[in-house]
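The values are calculated or read from the model by the stated rules, or taken from the named source; none is laboratory data. Not measured: the values here are computed from a predicted model. Here Cβ is always computed from backbone atoms with ideal geometry, including for glycine, and neighbour counts include all displayed protein chains. Surface accessibility is based on the protein's heavy atoms, side chains included, excluding ligands, DNA and RNA. Shrake-Rupley method; radii C 1.70, N 1.55, O 1.52, S 1.80 Å.
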Amino acid sequence: MAPVIFDLAGKRVFVAGHRGMVGQALVRRLAKERIDLLTVPRSEVDLRDQAAVFAWFARNRPQVVFLAAATVGGVVANNTRRAEFIYDNLAIAANVIHAAHANGAEKLLFLGSSCIYPKFAAQPLREDAMLTGLLEPTNEPYAIAKIAGIKMAEAYRSQYGADFISVMPTNLYGPGDNYHPEYSHVVAALIGRFHEAKLTRAPEVIVWGTGTPRREFLYVDDMADACVHLMKTYSAPELVNIGTGEDISIADFARVVADVVGYEGRISFDPSRPDGTPRKLLDVTRLAGLGWSATTPLQDGVRRAYRAFVAEMRPETA
Ligand code: GFB
């Protein structure tokens, strides 16, 4: 177990992106710490707006920043809203990282994404695989913006001595996810689709792609716990992967969701929909060496995510 080298107690801690799935989980997790939590609604400060961000930081001077704000989505959103994904994410990273440094933040944690690794990198993906090959084309704009954020954190550390770190989450899921039928990630999409099929007694559910891609799924509250752990125990320029170390094919995962939802019909695949990257399993050796590992089994996490989905949909479909 890595020793605590940074004490959060009594600090002003800003969660950027507190309305997103990861930000909400960070707020839940930080409720257990004796801190002064800072958040700001988008209606007040749009993180893409440099002047608004700089003014907010100058007024509030957070000592600690969790940079969980991002424009995100699943494979189709990444592939079709390419301009938004690169512009929004570059602007958010540039504004928040610079403002944090300019206003004396003691520590910042930047959230990358496992899509920053090359499409055909050796699996499981080690942190040093970044920038060793071409990216998966469907999410290249998002990945480039995330790589820019990681490199900014690294550059501010090397030039200014800022204690800025970057973490690389695997595919996340849980309460507060986006359930948009076209733009969501696979977990939220399948929960929504199987639930609807159960209610309407549909004989068949269509899953996108071939079912052969493999993904690693991490429950978002585990992710938030890992972020708080690393904030307290980690300080170095190298990235840290955050995952479970286990993956599953999309076909098998669809069966897990069908079981949890209680859908008994047929599952078929639509290969005209994009598969995205063939496999994305993180090497979590570095994280394990720092004394953290995931605790929520996939079945339990999907069950909790499904309960949250039903609660969020109420009263229409529950
Ligand atoms: O979650 P997802 O959109 O993200 O898709 P990625 C994962 C896999 O699930 C792909 C399949 O192989 C999809 O073809 N899939 C099956 C579905 N049915 C569905 C469905 O109904 N909706 C969706 N969305 N997928 C994203 C990246 O990649 O992952 C981002 O585009 C980011 O940049 C994020 O890194 C974590 O894992 O393919």
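Cβ-Cβ contacts under 6 Å between residues 6 or more apart (or on different chains), taken from a first residue in segment 184-203 that is free of Cβ contacts under 8 Å to residues at least 24 places away in the same chain and near the ligand (Cβ under 7 Å from one of its atoms) to a second residue that is of a type in the set (A, V, I, L, M, F, W, C) and outside any loop (DSSP other than H, G, I, E, B), are listed as R193/V205. In summary, L108 fulfils each of the numbered conditions (1) open to solvent by 40 Å² or more (accessible area, probe 1.4 Å); (2) in contact with a His (Cβ under 9 Å, 6 or more places away or on another chain) with the single exception of condition (1). Counting only strands (runs of 3 or more DSSP E) that fall entirely inside segment 212-318 and contain at least 1 residues that are open to solvent by 30 Å² or more (accessible area, probe 1.4 Å) and not β-branched (V, I, T), the qualifying elements are 266-270. May I ask you to verify whether R303 is away from the ligand (no atom under 16 Å from the Cβ) and modelled with pLDDT of 95 or more? Against the criterion (away from the ligand (no atom under 16 Å from the Cβ) and modelled with pLDDT of 95 or more), R303 qualifies.
Residue count for segment 172-183 satisfying the condition of being on the phi > 0 side of the Ramachandran plot and either crowded, with 23+ Cβ neighbours inside 10 Å or free of Cβ contacts under 8 Å to residues at least 40 places away in the same chain (or both): 1. All of V15, V45 fail the test of being closer than 12 Å to V228 by Cα, among the β-branched types (V, I, T) and either within 13 Å of the chain's Cα centre (by Cα) or surrounded by 16 or more Cβ atoms within 10 Å (Cβ to Cβ) (or both), apart from V15.
For segment 124-138, the set of residues classified as open to solvent by 20 Å² or more (accessible area, probe 1.4 Å) and under 15 Å from N171 (Cα atoms) consists of P124 only.
So, V205, is that one over 19 Å from the mean Cα position of the chain (by Cα), open to solvent by less than 10 Å² (accessible area, probe 1.4 Å) and closer than 22 Å to A254 by Cα or not? When the stated conditions are applied, V205 passes them.
Pairing each residue of segment 75-98 that is in contact (Cβ under 8 Å) with a residue 12 or more places away in the chain with any residue that is of a type in the set (A, V, I, L, M) and open to solvent by 60 Å² or more (accessible area, probe 1.4 Å), provided the two are 6+ apart or on different chains, yields C-beta distances under 9 Å for N78/V72; F85/V72; I86/I144; N89/V72; N89/I144; L90/I144.
Given the options F110, F85, name the one that is aromatic (F, W, Y), within 16 Å of the ligand (Cβ to nearest atom) and in contact with a Gly (Cβ under 7 Å, 6 or more places away or on another chain).
F110
Evaluate the following for I150: is it open to solvent by 60 Å² or more (accessible area, probe 1.4 Å), of a type in the set (A, V, I, L, M) and either at pLDDT 95 or above or within 16 Å of the chain's Cα centre (by Cα) (or both)? Considered against the rule, which asks whether it is open to solvent by 60 Å² or more (accessible area, probe 1.4 Å), of a type in the set (A, V, I, L, M) and either at pLDDT 95 or above or within 16 Å of the chain's Cα centre (by Cα) (or both), I150 comes out as no.
The set of residues in segment 27-81 that are within 16 Å of the ligand (Cβ to nearest atom) and in a loop (DSSP other than H, G, I, E, B) comprises A68, A69, A70, T71, V72, G73, G74, R81. All of (1) closer than 27 Å to K107 by Cβ; (2) over 24 Å from the mean Cα position of the chain (by Cα); (3) among the small types (G, A, S) hold for A197 with one exception: (1).
When you scan segment 115-145, how many residues do you find that are small (G, A, S) and touching a Pro at 6+ places or on another chain (Cβ under 7 Å)?
So the answer is 2.
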